[in-house]
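Here the structure is laid out as structure tokens; the discussion comes afterwards.
Please treat every number below as a calculation from the coordinates, not as lab data. None of these values were measured; they are calculated from a predicted model. Virtual Cβ from ideal backbone geometry, glycine too; neighbours counted across all protein chains shown.
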Amino acid sequence: MMQRGFTLIEVLIAMAIVAIIGVASAQVVSSVIASDEASRKADKRITLLQRTYQTIQRDMLQMTSRAVRFNGGKPRKQFILAGENVIESDDDGIVFTRKGWRNPAQMFPRSNLQGVGYRVVDGKLERLHYLYPDQGAGVEPQVTTLIEGVIGFKIEYFDAKKWQKQWQKPSLPQGIALNITTQALGEVRWQFLVPSAPSTSKDGGDKP
């Protein structure tokens, strides 16, 4: 009995079906890979944001009432130097002194006080710290990049039951808020208590 083979049309149809399945499978695989990559990037951004928050929180919790002396100038009456373009920031910037800088067994020729600053330069949120709380003229700080893609950095100060855009008082505010706007995550607002600041409210009132 003669065996019947496939016709040309049947072969072409089979090849077309295999091609369609292959293209569909490739699209599915490509979509899965893209989704996985996007998920990893999102996880990395969130992890980086959490680390940044923890870093800033440690500094804020250790903020101390010490006059700021910056770039070799005379000691200021204020404990915080902050505002637009402070420490050459493209937006708001802030400088203050924190305590609790570990110096085990006094191994280094410095105290436990540390001059700390935050600014935005070229879309990067940077943390600056100085070896000594009183910075001499021309002394370059150590700079650490915390977040990239920053398009806005605004600072607010809580005192007398309200948030304020500026701080010029010779004292510490009860709280500080950082409004950080990034290309990837939009605006994030972080609020921190300043434990060294005296409370001005007896009945509780509004809290930061």
- Ranked by Cβ crowding within 10 angstrom, fewest neighbours first, how are 89, 171, 25 ordered? 25, 171, 89
- Query: Sorted by packing (mean other beta-carbon atoms within 10 Å per residue), highest first, where do 150-157, 179-186 land?
  - Reply: 150-157, 179-186
- Note on the structure: Computed from the beta carbon distance with a Förster radius of 45 Å, FRET efficiency for residue 13 and residue 190 to the nearest 0.05 stands at 0.15
- Task: Give me 79, 96 ranked fewest to most by other Cβ atoms within 10 Å of their Cβ, as a rough exposure proxy.
- Result: 79, 96
- Message: Can you compute the modelled spin-label distance between residue 140 and residue 26, with each label point 7 Å from Cα toward Cβ, in nm?
- Response: 5.1 nm
- Task: List the lysines whose Cα lies under 21 Å from the Cα of residue 77, skipping any in the same chain that are fewer than 8 positions away.
- Result: 99, 165, 169
- Task: Return 194, 23 ranked ascending by Cβ neighbour count within 10 Å, so the fewest neighbours appear first.
- Result: 23, 194
